[in-house]
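K.L.:
Here it is: the structure, laid out below.
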Amino acid sequence: MTFREDLDLAADWVESYRRRVSDLPVAAQVEPGAIRSSLPGSPPEQGEPFEAMLRDLDEVILPGITHWNHPRFFAWFSNTASEPGILAELLIASLNVNNMTWLASPAATELEVTVLDWLAQLLGLPREWHGHIEDTASTATVAALAAARTLKPGGVVYASEQANFSVEKAARLVGLEFRKVDVDDAFRMRADFPLDDATAVVATVGTTGTTSVDPVAELARRCEDAGVWLHVDAAYAGSAWVCPELRWSLEGVDRADSVVVNPHKWLFTPMDCSTLWTRRPEVLHEAFALVPHYLAATQGAVDLKDFGPALGRRFRALKLWFVLRWYGAEGLRALIREHVRLAQLFAALVEAEPGWEVVAPHPFSTVCFRHVESDNDVIARAATATGELFVASASLRGQRMIRLAIGNEQTTEDDIRRSWEVIRSCAT
Ligand SMILES: Cc1ncc(COP(=O)(O)O)c(C=O)c1O
């Protein structure tokens with residue numbers, strides 16, 4: 001077989017997978033160790049044909065795959081490997097650029113800077129900020145806190161008790177103490193805690209639990225007065241800013257020091273792609289810039305390795321560029337609006353059903369709900385075990401609840417109605 005023939009086989013596989021994914025059980029239902037025990041214990045001595053690998057992908061690997069690209073995947077935050085994203089990943093691997101410095105591939109750096117400027121415009125962020133891509137929001141937050149630490153070493157990082165655990169992990173990694181701040185009735189971080197010992201505050205727009213929005217404007221005002229770094233974690237909900245009617249949640253972000261948004265969550269870009277902007281690039285630079293003798297800087301160029309922890313950097317800008325061009329601002333707005341509409345529809349179905357309640361505001365595409373009498377973990381597990389959909393359960397104020405997070409491009413109203421019927425029937 002030639003490489004060209006293998007490429008055709010891969011293309012056929014991808015096309016057929018996308019057509020049949022909605023008929024597969026969403027969550028893998030295998031016991032720990034099941035896939036490992038089906039795999040050979042040692043690598044082959046002789047090379048094998050691509051066909052053999054594709055066969056094993058279907059027979060051995062697929063039964064253990066949870067289909068994130070399934071239209072009824074609603075666990076954690078669902079996402080989309082869109083067509084432009086998939087095509088771009090093939091080209092990214094073909095080019096195999098390591099975008100560590102400008103000299104390492106000038107177009108990769110300049111495309112990244114350009115695409116981050118495009119995305120800043122689409123999201124309503126200040127265009128003069130520096131933007132670059134990290135693998136994940138976890139890494140982006142490490143970068144932001146490392147920058148904050150150069151200004152105020154040894155202090156405390158404050159974040160909402162509803163903040164993603166990656167914030168606490170980042171604080172730990174950069175050697176800063178982490179303290180949780182209480183939330184109000186709508187699960188928003190309170191803004192009245194003392195800042196005397198603070199190095200940084202992390203506000204979240206779209207918390208992982210309930211998608212609540214912290215009072216960023218008020219926190220920005222206080223952080224400015226106290227000389228404290230404000231980082232905004234908008235990993236999930238930042239994508240909503242493409243829609244003007246959802247920009248209420250952007251209020252105050254322009255006064256933050258840094259903000260992270262994950263196109264790999266709700267902007268139809270395959271894993272991984274996390275965008276970080278800062279209005280103080282010189283502080284990130286101070287935290288990360290080192291110029292070894294074998295990587296001399298180029299006069300007049302920016303070296304993106306100087307703004308984050310990693311030296312090796314994938315050419316992620318290519319997939320983000322393809323996604324933004326493929327959908328256009330209009331297409332992105334239409335998808336986000338549809339997901340928000342579907343979430344409101346789902347919440348209405350829950351509210352209308354005796355014995356069920358929605359337990360948190362749902363301004364975006366995620367709904368938290370519970371059955372008031374039954375065990376919600378059991379319901380979520382039973383609904384997922386049908387293979388029809390995947391929902392996860394979580395805790396809120398000491399009670400277990402179920403989260404339904406919409407974010408896949410292919411999800412339709414029919415998927416939402418069908419999923420509600422399955423979940424409902426699992427409570428009886
Ligand atoms: C609000 C929020 N921030 C940060 C993260 C971490 O994102 P990543 O997996 O890109 O590190 C998540 C993950 O779900 C999240 O929900």
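None of the figures in this text is laboratory data; all of them are computed from the coordinates on show. Predicted, not measured: the structure shown is a model, and the values here were computed from it. We place every Cβ from the backbone using ideal geometry, glycine too, and count neighbours over all the protein chains shown.
K.L.:
Quick one: which of 257-266, 2-11, 132-141, 170-179 comes out on top by average Cβ neighbours within 10 Å, and what's the full order, highest first?
P.N.:
Those peptides, ordered most packed to least, come out 257-266, 132-141, 170-179, 2-11.
K.L.:
Where Lys and Arg each count +1 and Asp and Glu each count -1, what net charge lies around I92 among other residues with Cβ under 11 Å from its Cβ?
P.N.:
Combined, the nearby Lys, Arg, Asp and Glu give +2.
K.L.:
Still on this model: Sort K305, K180 so the one with the fewest other Cβ atoms within 10 Å of its own Cβ comes first.
P.N.:
K180, K305
K.L.:
Whole-Hz Karplus ³J(HN,Hα) for the range 201-207, in order, using 6.51 cos²θ - 1.76 cosθ + 1.60 and θ = phi - 60°, x for Gly and Pro?
P.N.:
Karplus-based 3J(HN,Hα) across the range 201-207 equals 10, 10, 9, 10, 10, x, 5 Hz.
K.L.:
When Lys and Arg each count +1 and Asp and Glu each count -1, what net charge do the other residues less than 12 Å away from E286, Cβ to Cβ, add up to?
P.N.:
0
K.L.:
Another question, then. Please order E110, E31 by the number of other Cβ within 10 Å, starting at the fewest.
P.N.:
E31, E110
K.L.:
Fewest first, what order do M100, M401 take by the number of other Cβ atoms within 10 Å?
P.N.:
M100, M401
K.L.:
Would you calculate a helix-derived [θ] at 222 nm for the chain, using -39,500 (n - 2.57) for each DSSP H run of n ≥ 4 and dividing by the full residue count, to the nearest 500?
P.N.:
Calculated from helices alone, the mean residue ellipticity at 222 nm is -12500 deg cm²/dmol.
K.L.:
Taking the Cα centre of the chain as origin, work out the dipole magnitude from +1 charges on Lys and Arg Cβ and -1 charges on Asp and Glu Cβ, in debye rounded to 20.
P.N.:
So the magnitude is around 500 debye.
K.L.:
If you don't mind, there's one more thing I want to ask. Could you work out how far the C-alpha centroid of the range 41-61 sits from that of the range 367-428, in angstrom?
P.N.:
Cα centroid of the range 41-61 versus Cα centroid of the range 367-428: 36 Å apart.
K.L.:
OK, next. Could you pull out the pairs from K169/K305; K180/K319; K169/K265; K265/K319 whose alpha carbons sit more than 24 Å apart here?
P.N.:
Pairs exceeding 24 Å: K180/K319.
K.L.:
Pick from P292, P363, P40: which is most flexible by mean-square fluctuation in a GNM of the chain where alpha carbon atoms under 10 Å apart are linked?
P.N.:
Maximum fluctuation in the GNM of the chain, among the listed residues, is at P40.
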